[in-house]
Structures are given as structure tokens and as C-alpha cells.
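Asks: Can you read through this structure? Questions will come right after.
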Amino acid sequence: MATFVTRAQWGARTPTSVSGTITPDQGGVVVHHIDAVKVAETDHRDCAAQVRGIQNYHMDSNGWSDIAYSHLACVHGYLFQGRGENVRTAAQGTTQGNDDWYAVCALTGGTGNDYDVVTAGLIDALRYGIARLRTSGGAAQAITGHRDHHATGCPGNLYTRVLSGEVNPGGGPLPYPGVSFRQSPATVHASVATWQYRMNSAHGYSLAVDGQYGPGSDSACRGFQADRGLAVDGVVGPATWGATFA
């Protein structure tokens, strides 16, 4: 299991305010990375200073009350305590995202083939962070990438690890988020974007990845259900979700 590093151990500043107004049972956990360039520290002894630098930037440059993330994971297999459980984040880029979702950030970056090495220790630390947020913070089962909430490339190459379920503490395919997508009224949820992206990348559809379960998503769902021998009802429930991410 990853090693947990408390705020006191990494030298965190005291937050200027703390908000417990968060409903993570309606969302889950979002995976982030730091940047579109490589940032992972070679020597773990430098990681605490990196986390302090992120907190300083968020508080001094962005004017936020604290470091934005719930927890941060390094490639050496350590999980740094951020805002922690039961505290609202500032990481998702939307009000609903910060209200309903925790944030675990990998201390990695890059694009394409020029990305920090995704180590087993990093994956272990991400899993540990998500498990803590579920067990102690009441997070729902859903795991999304930052890109599912906001127009960004984050979390870079880690997004495929989200879709595969690799960062899920339980392993296996990405777990059903606990929300059934349906039309009339259209379900609006970040996990809809995760499903839309998977339908495009793995099953050849061309859906708008917008997090809204509109007519196009409903039609694609029905076609997919028919192809897989599922009940054709246009609802992305556990069976359809499971088939999509199998």
C-alpha cells in the first residue's frame, strides 16, 4: 500500500478557510495531473517541496484558500494529503464539479509519447487516495478524468488508465457510477462524458463528449444495446455500462 504523507509532514500552510459543503455521494473522484510537460521528480526527497510549491501557487497566485486537490500522488508510491476528506475542492473548473467530486492529482505531466513514466507506485497511490475518499469521505463509485468536467487535456496519458479501471481500488473495468443515464429529462453528469468518450474510442461512435445524455447518446445506446443483445431501452444502467467498458 502507498505511504500516506500528512499535511504536517509535507509542511502545508494553514488554509485561509475550509468548506465542508460537498456532496461526493452525488459524484465521486476526479483524476488530475499537473501539466502538459514532464514534472515528476526523480528523487522522492524533492516531492514534498513540489507539493508545497503547488499549494503556494494555488493560494498566492490563484487566491484560493488552500491547495486545490483532495490528495496528490507521486511516482514513488506516496500519497500526500491535500484538503482531505469531507472538504470541498477547487480543482474541477465548475461549481458542480467542486460540489460533488473529490480530486486526486498525480504529480506527473506531459503529452503523448513525451509523458512521465506511469509507475506501479503512482497507480497504487492513486488507488489508495480514491479508496480513502470513498471509505472516509463518502465518495460515490464514479471515477472520471478532469477532461470530463472541463475543456482540458488533463489528466493526459492517465485518462486511459481511468477508462480501463486501472486506478479503481477494486481493479477490473471502470465501475458503474451509480447513476443511470436516460432521456427526458436528459441526464447531466460527468460520467456521461466518460461513457461518451468510451463509446467513441472503443466502439466507433462519434458522439459529442459533453456530459449530457441527449438524443444522439440515446440513439447510440439503443444501437449498442441491440448489437450486444441487451434490453433496448436507451438507458445506460449497470448492464449497458458494463458492456461498454468490458
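The values are calculated or read from the model by the stated rules, or taken from the named source; none is laboratory data. A quick note: this is a predicted structure, and the numbers were derived from the prediction, not measured. When we count neighbours, we look across all protein chains shown, and the Cβ atoms used for this are built from the backbone with ideal geometry, even at glycine. Note: areas computed on protein heavy atoms with side chains; ligands, DNA, RNA excluded. Shrake-Rupley method; radii C 1.70, N 1.55, O 1.52, S 1.80 Å.
Asks: Using a cut-off of under 17 Å, list every residue of region 117-160 whose amide N is near the label point 7 Å from the Cα of HIS44 along the Cα-to-beta-carbon line.
Replies: The answer is 117-129.
Asks: Please check which bits of region 146-185 a label hung off ARG222 would reach, taking the label as a point 7 Å along Cα-to-C-beta and the cut-off as backbone N under 15 Å.
Replies: 182-184
Asks: Keeping the other protein chains in place, figure out the carbon and sulfur percent of the accessible area of region 121-246, with a 1.4 Å probe.
Replies: 50 percent
Asks: Taking Cα pairs under 8 Å and at least six residues apart, what relative contact order does the chain come out at, in percent?
Replies: 20 percent
Asks: Measure off, as a whole percent, the carbon and sulfur share of the 1.4 Å-probe accessible area of region 1-110, all protein chains present.
Replies: C and S atoms contribute 46 percent here.
Asks: If I ignore ligands, DNA and RNA and count only protein heavy atoms, how much of TYR205 is accessible to a 1.4 Å probe, in Å² to the nearest 10?
Replies: 60 Å²
Asks: Using only the alpha carbons of region 56-207, determine the length spanned along each of the three principal axes and report them from longest to shortest in whole angstroms.
Replies: Sorted largest first, the three principal extents are 43, 34, 30 Å.
Asks: Return one whole number: the accessible area per residue of region 122-180 in Å², for a 1.4 Å probe. Present the calculation step by step, with values, prior to reporting the outcome.
Replies: Details: 2030 Å² over 59 residues.
In whole numbers, region 122-180 has 34 Å² accessible per residue.
Asks: Further question: Roughly what angle does helix 215-228 make with the longest principal axis of the chain, taking Cα atoms, 0 to 90 degrees, to the nearest 10?
Replies: 70 degrees
Asks: Taking a ≥ b ≥ c as the square roots of the eigenvalues of the Cα gyration tensor of region 8-99, is the shape rounded (a/c under 1.5), prolate (a/b larger than b/c) or oblate?
Replies: Taking the square roots of the gyration eigenvalues as a ≥ b ≥ c, region 8-99 is prolate.
Asks: Once the Cβ-Cβ distance between ALA239 and THR160 is put in as r, and R0 is 22 Å, what FRET efficiency do you end up with, to the nearest 0.05?
Replies: 0.40
Asks: Which of rounded, prolate or oblate describes region 31-85 when judged by the alpha-carbon gyration tensor and an a/c cut-off of 1.5?
Replies: Verdict is prolate for region 31-85.
Asks: What is region 174-226 by shape, rounded, prolate or oblate, if you read a ≥ b ≥ c off the alpha carbon gyration tensor as root eigenvalues and call it rounded for a/c under 1.5, prolate for a/b larger than b/c, and oblate otherwise?
Replies: rounded
Asks: With a 1.4 Å probe and every protein chain left in place, work out the accessible area per residue of region 1-102 in Å², rounded to a whole number.
Replies: Accessible area per residue, region 1-102: 45 Å².
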